[in-house]
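One structure below.
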Amino acid sequence: MRHYSIPAAIAASLALSVLLGSHALAQATQADQREWVRAGQGGVLPAETAFNNADGKSGIFNVKGAVDMKGHPFFEVLGTNGRACVTCHQPSDAMGLSLASIRQQWQSNGGKDPLFAPVDGANCPNLPREEAKSHSLLLNRGLIRVGLPWPPQPRNGVPTEPEFTIEVVRDPAGCNTDPVYGLTSPKPTVSVYRRPRIAANLKFMTYEVGPFNAKRLAMINDRDPFTGKYMSMNIMSDAREPSLRTQAISAARDHLQVKDEPSADALDRIVNFESQLYAAQVDSRVGGSLVEKGGPEALGPRNLDKQERGLGDNFGTPLFHSFAMWNPASSEARAQREFRESVARGNDVFFKRPFYISDTTHINTVGMGNPMKRTCATCHNSNMVGTDLSAGWVDVGTTNLPYARVTLDNPWSEAKAELPLFKITCNAEARPHPFLGRVIYTQDPGRALISGRCVDVGSIVMGQFRGLAARAPYFSNGSAATLRDLVDFYDRRFNIGYTTQEKEDLTNFLSVL
Amino acid sequence: MSRISSHRLFTIALPLALLAGSVGAAESQRLTFVACPVFQDTNTVPCWLAEYQGETYFLGIQTDSGGWTPPLQGHQVLVESVVTAQPRVCGGIVLASAGSVFDKRPSGKSAGVDLPQPPVISTMRELDSSCRTMLPENPRYNTLEPRRGPGPGNAQIAGLQPNAGAPRAAAEPLKPPFAAKTFELHYEFDSELAGLTINKLQEALKYADDIKAKAVEVVSHRASVKLSNGKQLDEIPKIAELRAKELANVIRMFGLPKGTELKVRFVADAQVGNGIDDWTRRRSDIIVTP
């Protein structure tokens, strides 16, 4: 394996990461071996440090300096199942959770590792904890079970009347038809399976906005009950929590199984920690340092700290700034030079290459027309992170048929469908889904499980583009195993016709963010 | 009155001047019809067209969100328009707004001439899989100078600046005596979402707060459209109720001043269309009473 140098400050911090735990660095010398931070292990998370992944190294940057993990509520066991926030938001995974880490923990500890807690680390809580097949969605696709009440709970004090009925068509995991945990149980619950989001770069994700939603103008944004402020609704796959504080409370209840809500002090410390933390790739296995002086100002966690939130779908403030210094690149090593030039071209493809964006709810339907001729950056428009600056739930087809990736059962293969399939039938008077009509088949109704709206079926909040190399797989349902799979999805979905070179350039570009 | 589900039912001929494309003679001619929208690409942004009774009409071009609302393929579109005398754009006779509240700034030029305010467009509620015509770029139609091209724009949209949502300077407080005021919200056909005139709701709620209103009353309406073939096209029977319900929920989520009563009602009977300003009757009134 080829190694590249990283800046001295990061190298020094890397040495400090010995404090993270007993086994970490020995394993970190192998590609894609992850440094796992165990709940309650103590130690210090350095102000700045880097972690290996298959594409190079990802880095994190604590703006306020090193963090003593001992006694810190983000890192300590808060509930009854041995987990902490860090269990699913690992520093080595850009504060998300990679499949590499999940499998590593299974190999090390099997089902007794708190990550595999039955409540949501198993396909259903009543499955035998020690068996790998009980955790197949976590082990195969990196998915955590999210059990949501049906019908939806009232929001902001206003009852939510669902516009549709939901039926379970297929239930490979068994939870949606389970008499105790399923849709017809005494506490009717819809179980969907989703990837954890990254707990970093959050100033770009959650912020105060005006009352009316910029994309769905007849909708009021949710308020943070602690501040009364209208919030951007861009955290969580379904935007069900308006702020980091409410998210921490619900995560402690649902994922950590706390008996009592965390104290105000603990919540303050969790939110403060998350709010000062930046994560991004810092080193490319082929492209070398991504944070060297004179390099692209979009790259690395320090640049995320320097930049402000804003709309980047324009030539005045392009969201990933400029890669001109890499096109042509001046590196002496040919492989490095070619990689950097590929990244620069990838940014151009992302920013300037138009295609027909079609049948995408909350994009085409917000006054743009269907189809529209635009670029990736039209929807992924938020400076530095590539989310949508407006409340960003979108049905691009990752969970709704016919576009969602499915495994078709057949007699010649053992591959079976893993995700549930729901049939959504919209009420006669409801406004139907704009591109799928009144009957929709979906693996995850997404935002519609919160809003109760037909138009929201399959809509998922966009995820950040940062630290991607550290935290495969991608999309909320883990349906893209690699960045190339992700690019291929879009190429297929919109009939873009990317050349092989364009696909490679886009993949390389995404890998350095 | 029965609803019309397909544009193929429109068989009544238009005046000959229109059919002949004699737009000068038909300058003030109103044209209201339902058809599949047609996507015509150009070397910049696409044009939106619609075919009606053998003629092609130009509706508008792709632009930023918040301008006009281009059609959605997969649905028919209701067009409420006047015919202009402008040179054809993308091969279509140019239709314009009949003076709607949805008007925004021009979306660009064609062959150096400003494009008019686009007609009032309503995406029909249900799917129509036959509406999928996409035409490739045709050099003959490469005359557009859009306000925004097919890629990144030239500047940030003011409303989405980093500090959008930051508190604004307080306006001078209103002084009594206060008067009752009515704020009108308008809708696309068969839609309960007043997206394009939601600013009127904001104004109403601000006024209610400023004067600590005694009551805020929502009255939602249902309307018909008189098509150019003479037929009346009714909105769905429940639309007035849906509009009232939707608006009331938004107001509850937004919150009213303490002591302000929210009253909600709707008028289910469709108001008959006249083919001139039918969009004005697809409406909710918000009446703010001191």
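Based on the mean of other Cβ atoms within 10 Å per residue, sort peptides A:138-149, A:491-502 so the most packed one is first. Can you show the working numbers first?
Numbers: A:138-149: 21.0, A:491-502: 14.2.
Final packing ranking: A:138-149, A:491-502.
Taking the Cβ-Cβ separation of residue A:488 and residue B:175 as r and a Förster radius of 60 Å, what is the calculated FRET efficiency to the nearest 0.05? Walk me through the numbers on the way to the answer.
Details: r = 64 Å, r/R0 = 1.06.
With a Förster radius of 60 Å, E is 0.40.
What are the ³J(HN,Hα) values, in whole Hz, obtained from phi via the Karplus relation 6.51 cos²θ - 1.76 cosθ + 1.60 with θ = phi - 60°, for each residue of segment B:117-127 in sequence order, with x given for Gly and Pro?
4, x, x, 6, 10, 10, 7, 5, 5, 9, 6
What's the buried accessible area, both sides, between A and B using a 1.4 Å probe, rounded to 100 Å²?
On the way: alone 20770 and 14790 Å², together 31110 Å².
Chain pair A/B: roughly 4400 Å² of buried accessible area.
Distance between the C-alpha centers of segment A:226-263 and segment A:299-368? Whole Å please.
Value for the Cα centre distance between the two parts: 31 Å.
Average partner chain C-beta neighbours within 10 Å, per residue of B:253-260?
3
Quick one: Debye curve from the C-alpha atoms of segment A:188-346, no solvent, what's log10 I(q)/I(0) at q = 0.12, 0.15, 0.17 Å⁻¹?
-0.72, -0.96, -1.09
Under a straight-distance cross-link criterion of Cα-Cα below 15 Å, which aspartates and glutamates are reachable from residue A:352, leaving out those fewer than 8 residues away in the same chain?
Correct list for residue A:352: A:313, A:502, A:505.
Specify the inter-centroid distance of segment B:130-148 and segment A:462-513, based on alpha-carbon positions, in whole Å.
Comparing the Cα centres of segment B:130-148 and segment A:462-513, I get a distance of 29 Å.
Ordered by packing density, taken as the mean number of other Cβ atoms within 10 Å over each peptide's residues, highest first, how do B:208-214, A:409-415, B:130-136, A:423-429 rank?
Numbers: B:208-214: 18.3, A:409-415: 7.4, B:130-136: 14.0, A:423-429: 16.1.
Ranking the peptides B:208-214, A:409-415, B:130-136, A:423-429 by packing returns B:208-214, A:423-429, B:130-136, A:409-415.
Express the carbon and sulfur contribution to the solvent-accessible surface of the protein assembly as shown as a percent, rounded to the nearest whole number, probe 1.4 angstrom.
Details: 16400 of 31110 Å².
Carbon plus sulfur share of accessible area: 53 percent.
Pull up all non-local amide H partners of residue A:289: gap of 5 or more, or a different chain, and H-to-H distance under 5 Å with H placed in the peptide plane.
A:284
Can you tell me what the convex hull of the Cα atoms of segment B:114-154 projects to on average, as an area in nm²? Mind showing how you got there, number by number?
On the way: hull surface 20.6 nm².
If I average the Cα hull's projected area over directions, I get 5.1 nm².
Using Cβ-Cβ distances only, list the Cys residues of chain A with no partner cysteine under 4.7 Å, sorted by number.
A:85, A:88, A:376, A:379
Measure of size requested: the Rg and Dmax of the protein assembly as shown, with Cα atoms as the atom set and Å as the unit; please supply both.
Expressed in Å, the Cα Rg and Dmax of the protein assembly as shown come to 27.6, 88.
Among all lysine pairs in segment A:168-299 that are eight or more places apart or on different chains, how many have alpha carbons less than 22 angstrom apart? It would help to have the intermediate numbers written out before the result.
On the way: A:187/A:259; A:203/A:215; A:203/A:229; A:215/A:229.
Within segment A:168-299, the lysine pair count is 4.
Expected output is a single nm value to one decimal: the length gained when fully extending between residue A:70 and residue A:41, i.e. 0.36 nm times separation in residues minus the C-alpha distance. What is it?
On the way: separation 29, 0.36 × 29 = 10.44 nm, distance 0.72 nm.
Gain on extension, residue A:70 to residue A:41, equals 9.7 nm.
Each residue of segment A:202-212 in turn: what ³J(HN,Hα) in whole Hz from Karplus with 6.51, -1.76, 1.60 and θ = phi - 60°, glycine and Pro shown as x?
Values per residue, Gly and Pro as x: 7, 5, 7, 10, 10, 6, 6, 9, x, x, 9 Hz.
Provide a whole-number value for the mean count of partner chain Cβ atoms within 10 Å of the Cβ atoms in peptide A:309-317. It would help to have the intermediate numbers written out before the result.
Details: counts 5, 6, 10, 2, 8, 8, 5, 5, 4.
Counting Cβ atoms of other protein chains within 10 Å of each residue's Cβ and averaging gives 6.
Other chains near B:146-154: what is the mean number of their Cβ atoms within 10 Å of each residue's Cβ? Walk me through the numbers on the way to the answer.
On the way: counts 0, 0, 3, 3, 9, 12, 15, 8, 3.
For peptide B:146-154, the averaged partner shielding equals 6.
Quick one: grab the alpha carbon gyration tensor of segment B:181-289, order the square roots of its eigenvalues as a ≥ b ≥ c, and give me rounded if a/c is under 1.5, else prolate or oblate depending on whether a/b is larger than b/c.
Details: a/c = 2.64, a/b = 2.29, b/c = 1.15.
Here segment B:181-289 falls in the prolate category.
Going by amide H atoms built from the backbone, whose H comes under 5 Å of the H on residue A:361, apart from near neighbours?
A:395
Of A:225, A:417, A:404, which is farthest along the charge dipole of chain A in the positive direction, counting Lys and Arg as +1 and Asp and Glu as -1 at C-beta?
Farthest towards the positive end: A:404.
Would you give the gap between the C-alpha center of segment A:145-210 and the C-alpha center of segment B:179-204, rounded to a whole Å?
Taking the Cα centre of each part, segment A:145-210 and segment B:179-204 sit 32 Å apart.
Around residue A:503, under 10 Å between beta carbons, what's the net of Lys plus Arg minus Asp minus Glu among the other residues? The partial results should precede the final answer.
Details: positive: A:484; negative: A:488, A:491, A:502, A:504, A:505.
Cβ neighbours under 10 Å give a net charge of -4.
Mind listing the long-range amide H neighbours of residue B:55? Cut-off is under 5 Å, sequence gap 5 or more, other chains count too, H placed in the peptide plane at 1.01 Å from N.
The answer is none.
Excluding ligands and nucleic acids, what accessible area in Å² is computed for residue A:133 using a 1.4 Å probe, to the nearest 10?
Surface open to solvent at residue A:133 totals about 150 Å².
Compare the peptides A:299-309, A:198-208, B:227-237 by average per-residue count of other Cβ atoms within 10 angstrom and give them in order, highest first. Write down the numbers at each step before the final one.
Details: A:299-309: 20.8, A:198-208: 23.4, B:227-237: 19.3.
By packing density, highest mean first, the sequence is A:198-208, A:299-309, B:227-237.
Relative to the Cα centre, what is the charge dipole magnitude of the protein assembly as shown, using +1 at the beta carbon of each Lys and Arg, -1 at the beta carbon of each Asp and Glu, and rounding to the nearest 20 debye? Before the final figure, lay out the partial values.
On the way: 87 positive and 82 negative charges, 88 e Å.
Taking the Cα centre of the protein assembly as shown as origin, the dipole is about 420 debye.
Name the residue farthest towards the positive end of the dipole of the protein assembly as shown from the options A:247, A:169, A:326, assuming +1 on Cβ of Lys and Arg, -1 on Cβ of Asp and Glu, about the Cα centre.
A:247
Along segment B:73-81, what does the Karplus equation 6.51 cos²θ - 1.76 cosθ + 1.60 (θ = phi - 60°) give for ³J(HN,Hα), rounded to whole Hz, x for Gly and Pro?
Once θ is set to phi - 60°, the couplings for segment B:73-81 become 5, x, 9, 6, 10, 8, 10, 10, 8 Hz.
The values are calculated or read from the model by the stated rules, or taken from the named source; none is laboratory data. Source: prediction; values computed, not measured. Here the Cβ is made from the backbone with ideal geometry for all residues, glycine too, and neighbour counts use every protein chain on show. These accessible areas exclude ligands, DNA and RNA; they are computed on the full protein's heavy atoms, side chains included. Shrake-Rupley method; radii C 1.70, N 1.55, O 1.52, S 1.80 Å.
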